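Visitor: Please read through the structure below; I'll follow up with questions.
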Number of protein chains: 2
Amino acid sequence: MKTYREPRVAIVGATGAVGTTMLAILEDRGFPLTDLRLISSARSAGRVIDTKWGSVEVEDLASADARDVDIVLFSAGGARSLAHAPRFVSCGATVIDNSSAFRMEDSVPLVVAQVNDDAIFDHAGIVANPNCTTMVAMMAVAPLHKVAGMRTLIATTYQSVSGSGQTGMAQLASEFDHFAGNIEGLICGRWEEPEGDLYARPIAYNVVPLAGSLTATGYTDEELKLVNETRKILGRDDIAVEPTCVRVPVMVGHGIAASMWFDRPVDLDEAVAVLGSAPGTQLWDDTKVPTPIDSAGIDDVLIGRLRETVGHRGGISLFVVGDNLRKGAALNAVQLAELLVE
Amino acid sequence: MKTYREPRVAIVGATGAVGTTMLAILEDRGFPLTDLRLISSARSAGRVIDTKWGSVEVEDLASADARDVDIVLFSAGGARSLAHAPRFVSCGATVIDNSSAFRMEDSVPLVVAQVNDDAIFDHAGIVANPNCTTMVAMMAVAPLHKVAGMRTLIATTYQSVSGSGQTGMAQLASEFDHFAGNIEGLICGRWEEPEGDLYARPIAYNVVPLAGSLTATGYTDEELKLVNETRKILGRDDIAVEPTCVRVPVMVGHGIAASMWFDRPVDLDEAVAVLGSAPGTQLWDDTKVPTPIDSAGIDDVLIGRLRETVGHRGGISLFVVGDNLRKGAALNAVQLAELLVE
């Protein structure tokens, strides 16, 4: 168990949507770092970014020195993590990786801060940050699982475009411009395809029931992450997870409609008691409806629409929403880094 | 069983989002009517509307003569249906009612055209058009139920604002204007509430996991419609339905993510065979993702993302989307009227 007193920190992917949020969160939380490096692809290298710890010139990942850093927050996509995270690990650093590259490896703990913190200390250099949707879902699901043992999770998502990074937000903005003059056409089905193939179908004024890439199973990789990561985080291989991942025209904030059944019936009173004291969350009663834009820019995950299942009895249904750039990615990564600080 | 050869038809709520679509569909399909009356609230009365059957002056529902009409298509809200539909019935007309006012009454058949047509003939003057979300869902669900007996339906919705009529579309448009200058604020959580309380929370750049009005059960009336209407249409009271109804910033087109389990396992091949020949639908393979804007303005309901359940095995998951103003409301009402024509 390696911990640090005043670590030297690097952010890889520092100019991306998650990376910039990582920096802001390190600053906001007064992270006790003694040296900060910002690393990105060649395209952004050379930019100078003002930080709480002084101006920092962005380094090119391809040539960045992997020595003299303790904690590296990686959010530059799976391919870059695969290629470069091991370099930093072999030089002695601990990598907290936001990509899916290492998540399912046995030697890599998959940790949601405030859910399974203890898992982090059994690592071999790399700690994985879960998928943004899984992360938000776990904040509401795990507390109930801990008391009653979850058997079944039906999870249907409402995922914002920032889950695809700045590219996603730019695509949504450009499609809104594309459709702006022809709202009537959207009503009667006479419209022209916008440019761009980031999503399988247009995303403005629409929802796209295909988030991630389709696999031979008929499920997307994003959906299978929800299945596999849920099981790994909760430490139970036999949880039946039925996922549907849908992209929606929202900038920031991932929502999940979840229905859960457990080893024993759970009633509303118990669910309220459990989720009312769950860390990192706010449980909203029926007078307040949690939505993506309510979750944007805050650390807490919001839980609402809590109710006993009306179909097969004994279960709990709810809606949970969280800032996918913060708790869904950057905040959790920083929280994991904090666990590594003495 | 009362049928008509060349009926005299009235549309009540003729100037609303559904009513105008009803008129367009009657025209498009060459409905064999001999007289057309357009009826609305006092606010729209007196307007003259050009139709295929000549110019028609809109009558005020409060004072409209209930005689001399055979089929009345009602889409003016539950309160107006309750107050006025019986007047037309007592004068001998058959009312096809798009509101929820009469749907669960034993004497009122609840009919999805091409699903349970035969039910229509056992009426006492009123035939109910199902809820728009239920209707779209049933087009994909009922064919599978017929072959394998559905036990469990988990239905999570993506409902467009036109489900709230023209008011909903106006609200969405005005909120997009409100947020237009402050997209950055939506990302970091600094924004001002738009005007209007049609929905519980802002709907532009957002999703609102509360469609309909909350009941003491913790479910909305919209969600309970999905439970109760599904059971009535499919003729099986013990189907466990778990609904979550969510409003999304889409103009037209309701989507439903559905997972279903049956009396026996259903595999993908069987589901493809059944849904590939289901009337009124298009089954899209994995190369095409059906979305709300693809469904807007067309009669067919689109089914895609068809797959075997990955959680509890033996079930089928899919995404279905349909034009809520057409198949979800006006088209089905006209199809029911056609069943009443000899």
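Coordinate-derived values only; no laboratory data. Being a predicted model, the structure only gives us computed values, none of them experimental. Note that we place each Cβ from the backbone using ideal geometry, even for glycine, and neighbour counts take in every protein chain shown.
Visitor: Would you mind ranking A:LYS327, B:LYS2 so that the residue whose beta carbon has the fewest other beta carbons within 10 Å leads the list?
Guide: With the fewest neighbours first, A:LYS327, B:LYS2 line up as B:LYS2, A:LYS327.
Visitor: By the scheme Lys and Arg +1, Asp and Glu -1, what is the net charge of all other residues having a beta-carbon under 13 Å from that of B:ASP238?
Guide: Here the charged neighbours net out to +3.
Visitor: Please give the direction-averaged projected area of the C-alpha convex hull for segment B:121-257, in square nanometres with one decimal.
Guide: Average of the hull's projected areas for segment B:121-257 equals 10.4 nm².
Visitor: Considering only Cα-Cα distances, which of the following residue pairs are longer than 23 Å: B:LYS225/B:LYS327; B:LYS146/B:LYS225; A:LYS146/A:LYS232; A:LYS146/B:LYS225?
Guide: The answer is A:LYS146/B:LYS225.
Visitor: Placing the label point 7 Å from Cα along the Cα-to-Cβ direction, what are the distances from B:ASP238 to the equivalent spots in the other copies, shortest first, in nm to one decimal?
Guide: 2.6
Visitor: What relative contact order, as a whole-number percentage, does segment B:180-223 give when Cα pairs under 8 Å and 6 or more residues apart are counted?
Guide: Value for segment B:180-223: 20 percent.
Visitor: Could you give the dipole magnitude of segment B:152-267 about its Cα centre, charging the beta-carbon of Lys and Arg +1 and that of Asp and Glu -1, in debye to the nearest 20?
Guide: 280 debye
Visitor: Something else about it: So what's the Cα pair-distance distribution over chain A, bin width 10 Å, in %?
Guide: 6, 25, 32, 24, 11, 2, 0
Visitor: Once the label point is placed 7 Å from Cα along Cβ, list for A:LEU268 the distances to the corresponding points in the other copies, in nm, shortest first.
Guide: Nearest first, the other copies' label points are 4.0 nm away.
Visitor: Among B:SER317, B:SER41, B:SER90, whose mean-square fluctuation peaks in a Gaussian network model of chain B (Cα, cutoff 10 Å)?
Guide: Result for chain B, Cα springs under 10 Å: B:SER90 fluctuates most.
Visitor: Taking the alpha-carbon centroid of each part, what is the distance from segment B:40-96 to segment B:244-306 in angstrom?
Guide: 34 Å
Visitor: Separate question: Could you work out the local net charge near B:LEU275, counting Lys and Arg as +1, Asp and Glu as -1, over the other residues with Cβ closer than 15 Å to its Cβ?
Guide: Computed value for this residue: -3.
Visitor: Additional query: Out of every Cα pair in the protein assembly as shown, what percent are spaced more than 31 Å from each other?
Guide: 54 percent
Visitor: Helix by helix through chain B, keep the DSSP H runs that span 15 Å or more along the axis on Cα and average at least 0.0 on Kyte-Doolittle, and give those back in order.
Guide: Span-like helices in chain B: B:17-28, B:78-90, B:132-148.
Visitor: May I ask which residue of chain A has the beta-carbon nearest to the axis carrying chain A onto chain B, and at what distance in whole Å?
Guide: Residue with the nearest Cβ, plus whole-Å distance, for chain A: A:THR156, 2.
Visitor: Okay, next question. Mind checking the mean number of beta-carbon atoms from other chains within 10 Å of the Cβ atoms in A:250-260?
Guide: The shielding value for this peptide is 5.
Visitor: Hey, another quick one. Using a 7 Å offset from Cα along the direction of the beta-carbon, what are the separations from B:GLY196 to the same position in each other copy, nm, ascending?
Guide: 2.4
Visitor: Within the set of other residues whose C-beta is less than 14 Å from the C-beta of A:GLN171, count the net charge using Lys and Arg as +1 and Asp and Glu as -1.
Guide: Residues near A:GLN171 contribute -3 overall.
Visitor: Below 8 Å, C-alpha to C-alpha, sequence gap of six or more: please give me the relative contact order for chain A in percent.
Guide: Computed value for chain A: 20 percent relative contact order.
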